Amino acid sequence: MLRTAAAVVAGKTARAIARRRGGGSAFPGLVAERIDPGILRHALADVRGGIVVVSGTNGKTTTTKMLVALLRAHGRSVFTNPTGSNFTRGVLSEMLPQLPVSGRLRSDLAVVELDEAHAMRFIAEVPPTHSLLLNVARDQLDRFAEIDHTADLLARLGAASTEGVVANADDPFISRAAGAVDVPVRWFGLDASIADRLPELTEHDARFDDEPTTYEPGPGDARLRPRDERAFDVVFDDVVVGPVTLQQRGLAAMINATAATTTARLLLGDAFDAATAAEALAAVRPPFGRGEVVMVDGQPLELVLVKNPAGFGVALSTYGTTPVATMVAINDNDADGRDVSWLYDVSFASLRERGVALTSGVRAYDMALRLHYDDVHTDRVVPDLDEALDALLAAHPDEPKRIFCTYTAMMALRRTLAARHGLDRFGEETPA
Amino acid sequence: MSTTERYEPAGTSKGTITLVHLYPREMSIYGDRGNTHALAGRIRRHGYTAEVVLHDPGSDFRRDAHLFTGGGGQDSGQARVEADLAAIGPTLKSLAEDGVPMLMICGMYQLFGNSFHTVGGQVLPGLGILDVTTRGNDKRMIGPVCLETELGRVVGYENHSGSTVLGSGQEPFGRVLAGHGNNGEDGTEGARRLNVIGSYLHGPLLPANPMVSDALIAVAAERATGRPFEPAELDDPLATQARERQVRRLVGTR
Ligand SMILES: [Zn+2]
């Protein structure tokens, strides 16, 4: 397999150069792929414990991180793509440094997060053994055009999985998709005791007359049962994982943990240990921008990534209970989604009482205007992100702060915070 | 079941304007509900009461309404409103002929035209309120848009695969300064006849372009009260900034 070796070497070289120039990209993967188009398939050929694709609109990054942590805590070696690089060449680029010239990865398992479109490219190369289907919501419709289309892509991912599918029982799109596959399906969802909180997690689609799903969990299925605002159990028919308290707040993170635990148990079988799992989940640090808290001048500053109506709605209901000084930063670059129409599918009424300190980003005025139509007052509109950050810190020095931001706005803010406040650098890639 | 909400002005109401949003659940993708939200808010700020009716398929049709809005949908959404739209179509058409203001975006704009020709060769009849014909297309026309209209420059965001052609006497809603418009070729965007505006612009269209809201509200207010529209003096610094910044980004300062 000289060709594979050449591809691996060329890719590694490209990666080293790309790194030196500051920041990885899809480029090294592209270089390797040009020399050996089958490189991804070869690389995963010796991964015997499972090739898992995590997909869905919201929560991919958090869930992938949790699943990897659960598997590693059980002593498995796991290859995964870096946070947020949810595209095929990003997977390959990340693989390169770990690839021996044989071109075959030496890991027990591979867990990759892929957006719906890139999951299709991946399965064309490599049939996953398992897929984890999280949810379907409107997201960057300028790219995928229709939610029905997104649902169809996830159904195809489920159908391409050779050994098993883990699926969200509470999402009508997902349950339709997973209901049609031939391999065994494990379901995760909310416990009946909190079924009334479902609207916080899913965007009900009026075009289908779905009754709230009532399903009887079977062996290997898990339900999320919160104990209080922070602690919860993941309940199987024979085992309870918990109580778990995550570092990340909110119901969405809890359901992601439930999804990851269900998948880990399916992959690990008898080796799955509830105490190990609970411990691993508690240790997972929130991924970049998913409720990440940084301390600035002795006060917590929370960065919350928002990218679609369901996600923004969940974020507002998660954080709305503890009002703080708030900034909203909206960019409309490709990675953010160029269409900002979706802001009108979010209700901002929960911000009315306290108001918003600043709006920022390329579409700062559009955001302030959106808030105005919900009778939410905005103190200042400052399109420049650094200026806005300074203004927020200056106007609210002695209290906790929160910034809701789109992807590229978050990247820019995070960079500034890193430079000025000694925060860790981060090496993440822009989604394709 | 349709739902009705009322929005009262701060002082004494100058009258009640009834606004019907057609199929908000099935045909309101890409924030099109924002148009109704913007109209209701602005009606209230002008000192009138806004009665907003969210019209669902199969429910009673408010033929006494003074203003109508509709949005874009997916194929499955269109299929779910077909029967109801066929039933209320003749009434909608006579209301339009009578001068009732209407704003129809994307999918509903297409349905207000003469017909829609699918990629597969099927011909679906429209309501014939606007003299436009739409053909399905493999290529989607997506991106930010800036138009020159008789109401001034208008910004929005288009996302459609249908390619629309105007009939010979049909006025467009605007001329494309940036973006694709009706078909990406003839420089027209949308259609306007009497007080009916059809357009591909999401964004949604109205919040950043309040002059379009006011044109629709002015007609609706007269119909509702029998008196000339009595606007309040509204200041729109945010809308003006949002719009002008987009204009500058898309067409520069020319
Ligand atoms: Zn559209």
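Every read-out reported here was derived from the displayed coordinates using simple, explicitly stated rules and does not represent laboratory data. Quick caveat, the model's predicted, so the values are computed rather than measured. All Cβ positions, glycine included, derive from the backbone under ideal geometry; neighbour counts span all protein chains shown.
Values computed for the structure shown
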item: Label point at B:LYS93 placed 7 Å out along Cα→Cβ; residues across region B:117-139 whose backbone nitrogen lies under 19 Å; result: B:117, B:123-134
item: Separation in nanometres of the label points that stand 7 Å from Cα toward Cβ, at A:ASP196 and B:ARG175; result: 5.9
item: Percentage, to the nearest whole number, of Cα pairs in the protein assembly as shown over 39 Å apart; result: 37
item: Pairwise Cα inverse-distance average, inverted: Kirkwood Rh of region B:5-145 (Å); result: 15.9
item: Share antiparallel - DSSP beta bridges, chain B, percent rounded to 5; result: 60
item: Shape of region A:254-368, Cα gyration tensor, a/c cut at 1.5; result: prolate
item: Separation in nanometres of the label points that stand 7 Å from Cα toward Cβ, at A:ARG48 and B:ARG140; result: 4.4
item: Value at 222 nm in deg cm²/dmol, rounded to 500, when DSSP H runs of n ≥ 4 in chain A each add -39,500 (n - 2.57); result: -11500 deg cm²/dmol
item: Shape of region A:48-282, Cα gyration tensor, a/c cut at 1.5; result: oblate
item: Percentage relative contact order, region A:290-421, counting C-alpha pairs under 8 Å, at least six apart; result: 34
item: Label point distance in nm, A:GLU163-B:ARG63, each placed 7 Å from Cα along Cα→Cβ; result: 6.5
item: Subset of A:LYS65/A:LYS307; A:LYS12/A:LYS60; A:LYS60/A:LYS307 violating a 24 Å alpha-carbon distance limit; result: A:LYS12/A:LYS60
item: Local electrostatic count, A:ALA32, Cβ distance below 10 Å [Lys/Arg +1, Asp/Glu -1]; result: +2
item: Averaged over B:74-80, number of beta-carbon atoms from partner chains that fall within 10 Å; result: 4
item: Considering only chain A, percent of DSSP beta bridges that pair antiparallel, nearest 5; result: 25
